[in-house]
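Novice: Have a look at this one.
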Amino acid sequence: MNEKIKTLILYIGSVAVGWVSGFFGGGGGMLAVPLLQFGGLDSKRAHATALLVILPICIISAAIYLYNGYYDGQSVLCACLGVVMGGIMGAALLNKLNATAIGIIFSLLMIGIGIKLVIV
């Protein structure tokens, strides 16, 4: 593929990642991982890099939602504890699994979430 076209796809994809994260309050990582893999990163690097890519938009989006009052304080506290614990466990597991296992788990998760969204 032409390098200019690939770069254009990466830029457009990056805008989509930010838009999805800002609009839905998350989910940009589901787009960021395949986009980063398209850009040439292996599975582990793509997943780890996606977290760093999503961080700024999460902070900005959260600040906007907070400013507009779109949050529930009790849910925030409960979710933060779970997210931190899950993030630690997920990062540790990422180091132990091979790229094929990571790809399968990620794909199954995306399929499961897609089915859930269609059913609900």
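Novice: Which condition does Ala99 not pass, out of (1) open to solvent by less than 50 Å² (accessible area, probe 1.4 Å); (2) within 14 Å of His47 (Cα to Cα); (3) free of Cβ contacts under 8 Å to residues at least 60 places away in the same chain, if it passes all the others?
Specialist: It is condition (1) that Ala99 fails.
Novice: Filter segment 15-48 for residues that are assigned to a loop (DSSP other than H, G, I, E, B) and either over 13 Å from Leu94 (Cβ atoms) or under 11 Å from the mean Cα position of the chain (by Cα) (or both) and give the result.
Specialist: Gly25, Gly26, Gly27, Gly39, Gly40, Leu41
Novice: Give the residues of segment 2-14 that are in a helix (DSSP H, G or I) and open to solvent by 30 Å² or more (accessible area, probe 1.4 Å), sorted by residue number.
Specialist: Residues satisfying the conditions are Glu3, Lys4, Ile5, Lys6, Thr7, Leu8, Ile9, Leu10, Tyr11, Ile12, Ser14.
Novice: A follow-up question, please. In the list Gly82, Gly87, which residue meets the criterion of being in a helix (DSSP H, G or I) and under 13 Å from the mean Cα position of the chain (by Cα)?
Specialist: Going through Gly82, Gly87 in turn, the sole match is Gly87.
Novice: While we're on this one: Looking at segment 58-78 only, could you name the residues that are open to solvent by less than 50 Å² (accessible area, probe 1.4 Å) and at pLDDT 85 or above?
Specialist: Of everything in segment 58-78, just one residue is open to solvent by less than 50 Å² (accessible area, probe 1.4 Å) and at pLDDT 85 or above, namely Gly69.
Novice: Right, here's the next one. Looking at segment 26-57, which of its residues are open to solvent by 50 Å² or more (accessible area, probe 1.4 Å) and farther than 20 Å from Ala101 by Cα?
Specialist: Scanning segment 26-57 gives Leu52, Val53, Leu55, Pro56.
The values are calculated or read from the model by the stated rules, or taken from the named source; none is laboratory data. Keep in mind the model is a prediction, meaning the values are calculated, not measured. Glycine also receives a Cβ, built like all others from the backbone with ideal geometry; neighbour counts cover every protein chain displayed. Ligands, DNA and RNA are excluded from the accessible area calculation, which covers all protein heavy atoms including side chains. Shrake-Rupley method; radii C 1.70, N 1.55, O 1.52, S 1.80 Å.
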